[in-house]
Amino acid sequence: MVALTSLSRHLCSTSKRLSCYSNHALLTINNGNFFAYSSISSINNNYHLQKHSQHAFSSIAATDDNDDLTMTRRNHPINVAFVGLGNMGLHMALNLAAPKGEVVDDRLPPMHFTVYDLQESNVSKFMEQHATTTATTTTTMKLSVASSLSSVGESSPDFVVTSLPTCEASEAVVGDIVASLPSSMSNNNETNDDDHSSNSKNNKCIFIDTSTISPNISKKLHQLVTTSTTSYPHHHHQHQQHHDYVDAPVSGGVKGATDATLTFMVGCSSPATFTAIQPLLQRMGKGVIPCGEAGSGSAVKLCNNAALAAQMVGICEAMNLGDALGVDPTVLAGAMNISTAKCWSSEVNNPHPIAARELGSGASANGYEGGFGTALMLKDLNLAVDAGEEEGLALPVAGLSRDLYRMADLHGYGRRDFGVMLEFLKGVK
């Protein structure tokens, strides 16, 4: 493996890339350190093991024109807006507003947190659960509910985190907020208590889109955001500050969102932006994987979910076969989970209700409610298969998985966790 010191020097002098591969080892960056892993699976299973750290990322970030955007340089309160409080977004927003347990290197300064969702019931649920979470704690965070997307943009947020169900929703939300961002700002570094708008030196807004969308849409939104500017006085001149967009879809499901153990797959073109968003992501998850330039995070997520769908269909078939052969589902799941069939769909989100209750995890134990919806899996599979077709690549298993989930959706299973495929394959509605 290339020595970390020489690799650091190479990165600083020749590129702003945030990840590289050497002899099948993954090098990633977290908390300003380089972490080397023997495989991607070691990130998920042994996140704090097999790491060799070196404080080199700060020197990379320092080469970026927007170095003073880095979180560690901020002393003023920051504005964070969260849009989309569905099954995933609700728990992510709760953890971002009030982190669960110990957060390593939590560099966030005081925060003004704004939430928005089209469904008032989702906002009410967030407010109720947040009040319960913070009832016994003291916090300086200011919390507000936006009345519209335009009001989100008009508040001059430093960060906008989105968790949305479709490509169309991401385009509409990001587009509306970008159009509402102030075109110019004063150079007042004071923050009025009655006006929560950010008056930071840079007046830069970073969009963190955690939605699973097409890589091409991610690239399109990156282009839209990064070509939008806010001007402000700087050394007696008007300076144009470009905003930024990061695609950061997640893996880990509702359980990961609830427990703040999500993995973020990040497509980001700026080292300074990557540094700035890390404290926010670390409040919501445990793994932050730099995947490359804009759109690469979305591409990695589609590949992951194409494999996940096929994995779930296989586990559903096996559990149904076990039932037909008279095998106790808890015995079968237990055997799988210490054998070669072990996977996330067998261990964390087992589709068999009896096995899930025994394992203490899985939406099937709750009537397939509250998990990753069948309709959402169908959406991801459509995106993955479409991407394969655009590249002239055959994806027969992903295509078959898509067909099965399409039929399940047509039979009324769309709102239930995608493990409900077990019931669909048995012919139970």
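Which pairs, out of Lys142/Lys286; Lys100/Lys342; Lys255/Lys286; Lys286/Lys379; Lys220/Lys301, put more than 23 Å between their alpha-carbon atoms?
Cα-Cα > 23 Å for Lys142/Lys286; Lys100/Lys342; Lys286/Lys379; rest within.
With Cβ to Cβ distances under 13 Å as the rule, what net charge do the other residues near Phe264 carry (K, R +1; D, E -1)? Walk me through the intermediate numbers first.
Working: positive: Arg283, Lys286, Lys301; negative: Asp209, Asp247.
Surrounding charge for Phe264 is +1.
Once you list every other residue whose beta carbon is under 11 Å from the beta carbon of Pro249, what net charge do they have if Lys and Arg are +1 and Asp and Glu are -1?
-2
Summarise the accessible area of the range 278-429 (1.4 Å probe, protein heavy atoms) by the percent that is carbon and sulfur.
58 percent
Once the other residues with Cβ under 14 Å from the Cβ of Ala93 are scored (Lys, Arg +1; Asp, Glu -1), what is the net sum?
Once all neighbours under 14 Å are counted, the net charge is +1.
What whole number of Å gives the distance from the Cα centroid of the range 253-317 to the Cα centroid of the range 120-182?
So the separation of the two Cα centres works out to 21 Å.
Enumerate the calculated ³J(HN,Hα) couplings along the range 92-97 in order (Karplus 6.51 cos²θ - 1.76 cosθ + 1.60, θ = phi - 60°), each rounded to whole Hz, writing x wherever the residue is Gly or Pro.
5, 5, 4, 6, 5, 6
Leu425 versus Lys125, label points 7 Å from Cα toward the beta carbon: distance in nm?
Output for this residue pair reads 2.8 nm.
For Ile338 and Leu321, compute 0.36 nm times the residue count separating them, minus their Cα-Cα distance, and round to one decimal in nm.
Gain on extension, Ile338 to Leu321, equals 4.2 nm.
Got a sec? Which residues in the range 204-220 would a label at Cys303 touch, if it sits 7 Å along Cα→Cβ and we count backbone N under 19 Å?
211-219
The values are calculated or read from the model by the stated rules, or taken from the named source; none is laboratory data. All of these numbers come straight from a predicted model, not from anything done at the bench. Every residue, glycine as well, gets a Cβ built from its backbone with ideal geometry; the counts of neighbours run over all protein chains shown. When the accessible area is computed, the model is the full protein with side chains, heavy atoms only, and any ligands, DNA or RNA have been set aside. Shrake-Rupley method; radii C 1.70, N 1.55, O 1.52, S 1.80 Å.
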